[in-house]
Amino acid sequence: MSETQDFVGTMPVTEQHRFPTDRLLEWMTRHVDGFRGPLAVEQFRGGQSNPTFRLAAGGKRYVLRRKPPGKLLPSAHAVDREYRVISALGQTEVPVAKTYALCLDDGIIGTAFYIMDYVEGRIFWDPTLPELAPAQRGAIYDAMNGVIAALHKVDYDKIGLGDFGRPGNYVARQIDRWSKQYRASQTEKIEAMDRLMEWLPKNVPADDETAIVHGDYRLDNMIFHPTEPRVLAVLDWELSTLGSPLGDFSYHMMTWELGPEAYRGLGGKDLKALGIPSKEDYLAMYCRRTGRSGIPHRDFYMAYNMFRLAAILQGIMGRVLEGTAANLKARESGARARALADGGWRQVEQMKPRA
């Protein structure tokens with residue numbers, strides 16, 4: 001089985017993520033308009049954080065996202081925040097799945113969860129898009145670029161998300177948060193992480209711009225139309241908040257910086273032959289759509305995002321050792337934390353010294 005196949009489709013619910021379907025059936029009958037049983041449940045293979053399930057009932061399919069069982073890191077796995085931002089963005093041009101109901105009662109299936117629509121379409125796990133022709137690849141990347149630009153232009157006050165995060169000082173707060181999360185889930189000493197946690201807080205650029213940020217915007221977190229280069233739904237909003245659009249877009253741009261040894265990326269690929277926009281062209285597309293002249297402090301944001309992703313991967317490894325990881329390939333993903341941290345520190349070393 002290839003790495004891509006490891007993430008595609010559904011499987012029987014794993015032992016650590018089983019829950020009482022009779023309670024869920026009763027709850028959905030009361031809280032989801034038009035719902036009727038009987039109920040069948042399968043678990044999606046993909047995803048590393050919040051376990052995700054496909055539900056089939058009454059000729060319709062739904063998706064359930066839940067907090068994982070077991071001990072959780074503070075502020076992690078916030079399915080209530082996911083539900084809120086997806087519901088609010090349903091009023092905008094940003095494509096999201098329709099939401100139905102949120103349950104914060106742990107007594108139903110053991111942890112909090114929400115129900116949303118199942119969106120039929122394509123998910124691409126390999127950023128080189130080997131299943132497509134070069135012209136089709138360029139169109140997919142153009143569509144992906146258009147959606148993140150649309151997200152960063154949303155008037156968050158207008159859709160009721162004015163209190164979804166604290167405006168200003170976002171990156172500094174994120175560095176502090178992920179340093180704490182990393183320490184709480186640390187399974188080995190990674191020297192580059194120690195250096196990054198010391199250097200990054202002292203070198204945060206001034207950036208007071210605020211937008212809705214996704215926090216994990218990448219190709220495999222969206223569903224594309226079955227035949228058209230069009231995004232039908234952006235997935236996995238767990239890390240979304242009000243924050244720096246420059247930091248959010250720079251995270252997305254890591255795909256161009258990283259190779260397979262660190263994470264799924266385009267590093268070392270012949271992008272022209274593949275029909276995929278170069279890093280410079282993709283950046284220019286985003287700037288044109290958002291009315292920017294460029295992305296200042298790109299090197300800092302890249303180092304920060306490599307640090308941040310390394311902390312996320314360390315959290316995955318922590319869940320592997322606790323036996324609560326959502327994905328069967330979680331150990332392999334978690335093991336990449338060191339490569340990400342090393343890449344982040346190399347980024348710092350390439351920068352000019354700062355006063």
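Only Lys, Arg, Asp and Glu count, each charged at its Cβ (+1, +1, -1, -1), so figure out the dipole size of the chain about its Cα centre, rounded to 20 debye.
So the dipole magnitude of the chain works out to roughly 180 debye.
Would you mind checking the radius of gyration and Dmax of the range 134-350 based on alpha-carbon positions, in Å?
17.1, 48
Would you mind listing how long the range 194-288 runs along its three principal axes, going by Cα atoms, in whole Å with the largest first?
Answer, in whole Å and largest first: 46, 29, 27 Å.
Below 26 Å Cα-Cα, how many Lys pairs turn up in the range 134-350? Only count pairs eight or more apart in sequence, or on different chains, if you could.
For the range 134-350, the number of qualifying lysine pairs is 8.
What angle do you read, to the nearest 10 degrees and between 0 and 90, between the alpha-carbon axis of helix 298-322 and the longest principal axis of the chain?
40 degrees
I want to verify a result. In a Gaussian network model of the chain, Cα cutoff 10 Å, which of these has the top mean-square fluctuation: Ser278, Ser240, Ser179?
Of Ser278, Ser240, Ser179, the most mobile in the Gaussian network model is Ser278.
Please return the longest stretch of the chain lacking exposed loop sites, where GluC sites (Glu not before Pro) count only if DSSP places them in a loop and at most 15 other Cβ atoms lie within 10 Å.
262-355
Could you give the angle, 0 to 90 degrees to the nearest 10, between helix 134-152's Cα long axis and the longest principal axis of the Cα atoms of the chain?
Between the helix axis and the principal axis of the chain, the angle is about 90 degrees.
Enter the angle in degrees (range 0 to 90, nearest 10) between the Cα long axis of helix 21-31 and the first principal axis of the Cα atoms of the chain, meaning the one along which they spread out most.
With both axes taken from Cα atoms, the answer is about 90 degrees.
Of the trypsin sites (Lys or Arg not before Pro) in the range 178-214, which ones lie in a loop per DSSP and count no more than 13 other C-beta atoms within 10 Å?
Qualifying residues, ordered by number: Lys189.
Separation between the Glu93 and Glu120 pseudo-spin-labels, each 7 Å from Cα along Cα→Cβ, expressed in nm?
My value for the distance between the label points is 2.8 nm.
Where a number appears in this text, it was derived from the coordinates with a stated rule and is not lab data. All figures in this text were calculated on a predicted structure; none of them were measured in a lab. Backbone-built Cβ (ideal geometry, glycine too); neighbour counts: all protein chains shown.
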